[in-house]
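The block underneath contains the structure these notes are about, expressed in structure tokens.
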Amino acid sequence: MKAQGMPISVIIIAALGILVLIVIAAIFSGQIGKFGRVANECPNRCQGPMIKATELAVSTEAMSNVQCLPGESKLPGTFIQKGQTGVGAENLQYCSACCVQTG
């Protein structure tokens, strides 16, 4: 009578495949935080006083009152000031308004 089951080579290949998926997941999860921060940076010029993350909820009226220069338009949403690598999320400085060149 023959023994039935999977060959050892199939088990090794499956184990290597799982290991590769774990490594890819670890790399991706580390980079996703960097991407989120860069995606929220103001692409041109921060206008008005800088606001901390804890002040965002109470500063929406002040943010809407900030005017951009002629030839610029205010982007909707909340943006962080550029160049804050290594700063913790609670200490990030947010723009009162993010102004970009139009035309």
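What follows is calculated from the coordinates using simple rules that are stated; it is not laboratory data. What you are looking at is a predicted structure, and each value in this text was computed from that prediction instead of being measured. Cβ: placed from backbone, ideal geometry, glycine included. Neighbour counts: every protein chain shown.
What do you get for Rg/Rh of the chain when both radii come from the Cα atoms and Rh is the Kirkwood radius?
On the way: Rg = 24.1 Å, Rh = 17.2 Å.
Here the Rg-to-Rh quotient is 1.40.
Using amide H atoms built in the peptide plane, which far-off residues or other-chain residues are under 5 Å from Lys82 H to H?
Placed amide hydrogens put Cys42 under 5 Å from Lys82.
In the Gaussian network model of the chain, springs joining C-alpha atoms below 10 Å, which of Ser29, Ser64, Ser73 carries the largest mean-square fluctuation?
Ranking Ser29, Ser64, Ser73 by mean-square fluctuation puts Ser29 first.
Name the residues whose placed amide hydrogens come within less than 5 Å of the amide hydrogen of Glu72, ignoring near sequence neighbours (fewer than 5 apart) on the same chain.
Those lying under 5 Å, H to H, from Glu72 are Thr102.
Could you sort 45-54, 4-13, 93-102 so that the peptide with the highest average Cβ count within 10 Å comes first and the rest follow in order? Provide the component values of the computation, followed by the final result.
Working: 45-54: 15.7, 4-13: 8.7, 93-102: 18.9.
Put in order of decreasing packing, that is 93-102, 45-54, 4-13.
List Lys34, Lys74, Lys82 from most exposed to least, where exposure is judged by having the fewest other Cβ atoms within 10 Å. Let's see the in-between values first.
Details: Lys34 10, Lys74 18, Lys82 15.
Lowest to highest Cβ neighbour count: Lys34, Lys82, Lys74.
Can you give the angle from 0 to 90° between the axis of helix 8-39 and the longest principal axis of the chain, with both taken from C-alpha atoms, to the nearest 10?
It works out to around 0 degrees.
Quick query: amide H of Arg45 versus all other amide H atoms, modeled in the peptide plane; which residues come in under 5 Å with a sequence gap of 5 or more or a different chain?
Those qualifying (amide H under 5 Å, at least 5 residues apart or on another chain) are Cys99.
What's the extension gain from Ala14 to Asn65 if we count 0.36 nm per residue and subtract their Cα-Cα distance?
12.5 nm
Total Lys pairs in the chain closer than 25 Å by alpha-carbon, pairs eight or more apart in sequence or interchain only? Don't skip to the answer; put the middle values down first.
Numbers: Lys34/Lys52; Lys34/Lys74; Lys34/Lys82; Lys52/Lys74; Lys52/Lys82; Lys74/Lys82.
Going through the chain pair by pair, I get 6.
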